[in-house]
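The structure appears below as structure tokens.
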Amino acid sequence: MTAPSEQDKALARQARTVAFVLAGTMILWMGASFLGGRLGWETRFAFLFDLAAIAAFIWALVVTFGIWRKRRGN
């Protein structure tokens, strides 16, 4: 078994970052939705949290696609 290359290590770091962003986004999004409902926040705040979550998901999708492309190039 060979040791992972520097590129493999970098891709693994990126994948971990994506995983943390996805998990953190889901937790924060659900928490904000729960608090918003409980505290009676205005609807515009719900849309703000939704847009922030969508932005994080799109970022994760783009980075994941980049990781996939780099892995296929090997």
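Worth pointing out:
- Residues within the reach of a label modelled at residue 21 (point 7 angstrom out along Cα to beta-carbon, backbone nitrogen below 13 Å), restricted to the range 44-61, are 53-61.
- Across the chain, C-alpha contacts under 8 Å between residues 6 or more apart give a mean separation that, scaled by the residue count, equals a relative contact order of 42 percent.
- Rounded to whole Å, sorted largest first: equivalent-ellipsoid semi-axes of the chain, Cα gyration tensor: 36, 12, 6
- Legend: residues 16, 44, sorted from most to least accessible area (1.4 Å probe; ligands, DNA and RNA excluded), read 44, 16.
- Rolling a 1.4 Å probe over the protein heavy atoms gives the chain an accessible area of 81 Å² per residue.
- Portion, in percent, of the accessible area of the chain that falls on carbon or sulfur, probe 1.4 Å: 70
- Relative to the dominant Cα principal axis of the chain, helix 43-73 is inclined by about 10°.
- Helix 6-39 vs. the chain, principal-axis angle (Cα, 0 to 90°, nearest 10): 10
The values are calculated or read from the model by the stated rules, or taken from the named source; none is laboratory data. No experiment lies behind these values; they were computed from the predicted model shown. Don't worry about glycine lacking a Cβ; one is built from the backbone with ideal geometry, like all the others, and counts go over all protein chains shown. Quick note on the areas: whole protein, heavy atoms, side chains included, nothing else; ligands and nucleic acids left out. Shrake-Rupley method; radii C 1.70, N 1.55, O 1.52, S 1.80 Å.
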